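The values are calculated or read from the model by the stated rules, or taken from the named source; none is laboratory data. Note that the structure is predicted; figures quoted are calculated from it, not measured. Methodologically, a virtual Cβ is constructed for each residue, glycine included, from the backbone with ideal geometry; neighbour enumeration extends over all protein chains shown.
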Amino acid sequence: MSVLLTKQEHEVVIAGGGPTGLMLAGELALAGIDVAIVERRPNQELAGSRAGGLSSRTLEVFDQRGIVDRFLAEGQIAQVTGFAVTRLDISDFPTRHNYGLALRQKHIERILTGWVSELEVPIYRSRELTSFAQDDTGVTVELSDGASLRASYLVGCDGGRSLVRKAAGIEFPGWDATTSSILAEAEMTEEPPLGVHRTALGTHAFGREKYEIRDGKIIFAKEGPIGIMVTEKNVGATTEPTLSDLSEALVAACGTDYGIHHLTWISRFTDMSRQAAAYRKGRVFLAGDAAHMHSPVGGQGLNTGVQDAVNLGWKLAQVVKGTSPEGLLDTYHLERHPVAARVLRTTMAQVALQRTDDRTEPLREIVLELLGMEEPRKRIAAEMSGLGINYDLGAGHPLLGRRMPDLDLVTVDGPLRVFTLLHGARPVLLNFGKPGDLDIAAWGDRVPLVHARYAGTWELPALGPVAAPAAVLIRPDGYVAWVGEGTQQGLAEALTIWFGPPAAA
Ligand SMILES: Cc1cc2nc3c(=O)[nH]c(=O)nc-3n(C[C@H](O)[C@H](O)[C@H](O)COP(=O)(O)OP(=O)(O)OC[C@H]3O[C@@H](n4cnc5c(N)ncnc54)[C@H](O)[C@@H]3O)c2cc1C
């Protein structure tokens with residue numbers, strides 16, 4: 001929903017309506033929070049190709065909100081989880097979405113925008129956040145059209161060049177670029193060899209907007225403009241790329257530019273790897289590319305941003321509503337900073353493996369051999385698909401801090417999937433023991449208690465079977481906050497930490 005600036009106050013303002021900002025807005029709206037997005041773009045159209053798909057865990061996250069079918073209906077299911085040198089098959093992982101989904105970012109954003117608009121989130125389009133000031137009670141945000149907004153919290157989902165991050169004075173340490181590539185779409189007089197190629201100068205690839213995945217192979221349409229990716233000779237360009245830069249890079253890599261002409265769009269990406277030193281400064285948060293930037297290899301950028309949003313949304317909602325103390329918000333950095341640090345690590349490792357130096361060929365071969373073995377394949381695939389995320393919630397049952405599997409439960413109301421219980425972005429306590437075993441009356445206003453039976457085995461990706469718990473407390477983001485092993489020990493503490501103090505009797 002695009003609106004005129006009439007209302008000046010919101011509980012939360014989000015700068016940036018890319019995938020991260022849209023997901024966060026949806027999460028907050030589901031929790032009943034008055035949230036608005038400020039977005040520079042006049043509409044959701046996206047010039048150029050960016051992310052190309054969704055990982056298994058992001059599909060699960062959408063399933064937890066009841067919207068995964070919208071994405072599945074438009075994308076192509078395939079074993080697209082990969083690690084630089086190879087594709088990793090995750091069809092044996094215990095999840096309903098044991099695959100990735102090939103779907104271009106412009107479609108992902110369009111679908112998310114549709115969802116956010118159903119939730120009636122206002123989007124202030126064609127204007128930028130230009131500055132902000134925070135005080136003890138909130139944040140005042142100045143916009144490029146001269147208007148200002150007031151909110152309790154501001155979240156910078158404004159991409160890699162985040163103004164919010166810079167204005168908040170948050171450091172962005174990391175590594176400068178060592179490779180630079182041009183991405184473009186154009187007409188070519190001669191047909192280039194479609195697919196990915198590696199030469200001594202680096203990787204280049206040609207494709208078309210429309211494609212099908214058949215037996216794991218991409219079959220491009222026979223007609224239409226050509227999508228191009230080509231490594232540049234030099235790193236550190238300070239101006240926007242041009243047709244002549246592209247032609248020059250193609251001639252260097254392929255000996256010809258295939259008669260390139262009629263450019264539709266052009267952009268550049270590098271392997272610069274940086275991460276915000278803090279994801280929070282007072283009432284200001286960072287999420288998505290604003291908090292972490294890295295090479296697109298491995299396709300983890302968009303997925304990490306969406307999952308940042310799902311981690312932050314319910315916590316922010318509870319603090320805004322006053323059910324949880326402010327301290328809950330610090331767990332956002334504690335949980336998500338290590339996740340993106342590992343994403344930087346895996347992308348840098350993949351860039352290193354893609355180097356075209358002949359002397360690195362043996363290293364690539366050895367990694368390939370290792371990934372052909374069961375344990376390494378499972379471990380790296382769990383990491384690359386997002387299914388292996390393990391928040392440090394202390395020692396205990398292996399489920400603690402990990403994603404709750406989407407089990408087929410039997411309840412007094414009939415069969416029910418676990419993820420269905422999470423559609424409203426609320427927590428749930430599942431009791432597999434006797435009704436009456438667990439007493440959470442003091443949190444009854446916030447945490448539903450569901451008695452269920454489950455007859456199957458409990459299995460986690462890469463870890464394998466785990467002992468069946470007697471009860472599990474599931475957070476709104478689908479991670480397990482407490483595991484009951486026959487007693488109520490630790491339950492009150494977990495409920496207080498994650499969902500606020502008990503209601504007075
Ligand atoms: C050229 C390129 C190629 C890529 N290829 C891949 C890939 O192959 N695979 C992959 O997974 N990822 C890829 N990515 C990364 C992926 O696109 C990002 O990780 C993803 O878009 C991050 O989403 P986000 O919402 O955090 O940020 P963004 O998508 O950058 O969204 C930020 C939003 O904020 C808006 N904005 C910025 N500043 C302001 C302001 N001051 N006020 C208001 N609005 C503002 C912008 O208009 C934008 O809509 C690529 C990125 C680029 C640039």
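The number of residues in the range 255-297 being within 15 Å of the ligand (Cβ to nearest atom) and part of a loop (DSSP other than H, G, I, E, B) comes to 10.
Take the conditions (1) over 30 Å from L72 (Cα atoms); (2) crowded, with 20+ Cβ neighbours inside 10 Å; (3) more than 13 Å from the ligand (Cβ to nearest atom); A168 misses just one of them, which is (3). Taking the stated definitions as given, is K210 surrounded by fewer than 21 Cβ atoms within 10 Å (Cβ to Cβ), modelled with pLDDT of 95 or more, out of contact with any Leu (no Cβ under 9 Å at 6 or more places or on another chain) and on the phi < 0 side of the Ramachandran plot? Answer is no for this residue. The set of residues in the range 133-164 that are within 10 Å of the ligand (Cβ to nearest atom) and hydrophobic (A, V, I, L, M, F, W, C) comprises V141, L143, C157, L163, V164. Annotation note: of P461, P435, P465, P415, the sole residue that is without any contact (Cβ under 8 Å) to a residue 24 or more places away in the chain, in contact with a Ser or Thr (Cβ under 9 Å, 6 or more places away or on another chain) and in the same structural domain as A492 (by TED's automatic domain parsing) is P465. When V339, V351 are checked against the criterion of being within 30 Å of E232 (Cβ to Cβ), among the β-branched types (V, I, T) and in a helix (DSSP H, G or I), V351 stands alone in meeting it. Summed over the range 17-28, the residues that are within 10 Å of the ligand (Cβ to nearest atom) and not hydroxyl-bearing (S, T, Y) give a count of 7.
Identify the residue in the range 43-75 that is more than 18 Å from the chain's Cα centre (by Cα) and modelled with pLDDT of 95 or more and, among all such residues, is surrounded by the most Cβ atoms within 10 Å (Cβ to Cβ). Top of the filtered list is E74. Before we move on, is L387 surrounded by 22 or more Cβ atoms within 10 Å (Cβ to Cβ) and touching a strand residue (DSSP E or B) at 6+ places or on another chain (Cβ under 8 Å)? Taking the combined requirement at face value, the residue satisfies it. Only one of the numbered conditions (1) near the ligand (Cβ under 10 Å from one of its atoms); (2) touching a helix residue (DSSP H, G or I) at 6+ places or on another chain (Cβ under 9 Å) is violated by Y124, and that is (2). A residue that is aromatic (F, W, Y), outside any strand (DSSP E or B) and under 30 Å from E212 (Cβ atoms) can be found somewhere in the range 96-105. In the range 171-188, the qualifying residues are those that are part of a strand (DSSP E or B) and surrounded by fewer than 18 Cβ atoms within 10 Å (Cβ to Cβ), and the one that is nearest to the ligand (Cβ to nearest atom) is G174.
Matching residues to (1) modelled with pLDDT of 95 or more; (2) part of a loop (DSSP other than H, G, I, E, B):
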site: D392; (1), (2): yes, yes
site: T420; (1), (2): yes, no
site: L430; (1), (2): yes, no
site: G433; (1), (2): no, yes
site: V447; (1), (2): yes, yes
site: A468; (1), (2): yes, yes
site: V480; (1), (2): yes, no
site: G486; (1), (2): no, yes
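Considering the range 273-298, the residues that are aliphatic (A, V, I, L, M) and surrounded by 19 or more Cβ atoms within 10 Å (Cβ to Cβ) include one that is nearest to the chain's Cα centre (by Cα), namely A287. Applying the set (1) outside any loop (DSSP other than H, G, I, E, B); (2) of a type in the set (S, T, Y); (3) out of contact with any Lys or Arg (no Cβ under 9 Å at 6 or more places or on another chain) to T140 leaves exactly one unmet item: (3).
The condition (being within 16 Å of the ligand (Cβ to nearest atom), assigned to a loop (DSSP other than H, G, I, E, B) and not assigned by TED's automatic domain parsing to the domain that holds R127) is satisfied by just one residue among V196, V235: V235. The single condition from (1) out of contact with any Pro (no Cβ under 9 Å at 6 or more places or on another chain); (2) at pLDDT 95 or above that G396 fails is (2).
Taken over the range 29-76, the criterion of being within 16 Å of the ligand (Cβ to nearest atom), in a loop (DSSP other than H, G, I, E, B) and more than 20 Å from S385 (Cβ to Cβ) is satisfied by R40, R41, P42, N43, Q44, E45, L46, A47, G48, S49.
Would you be able to say whether some residue in the range 420-428 is touching a Phe, Trp or Tyr at 6+ places or on another chain (Cβ under 7 Å) and not basic (K, R)?
The answer is yes; a qualifying residue exists.
Of the residues examined, T356 is one that is more than 16 Å from the ligand (Cβ to nearest atom) and of a type in the set (S, T, Y).
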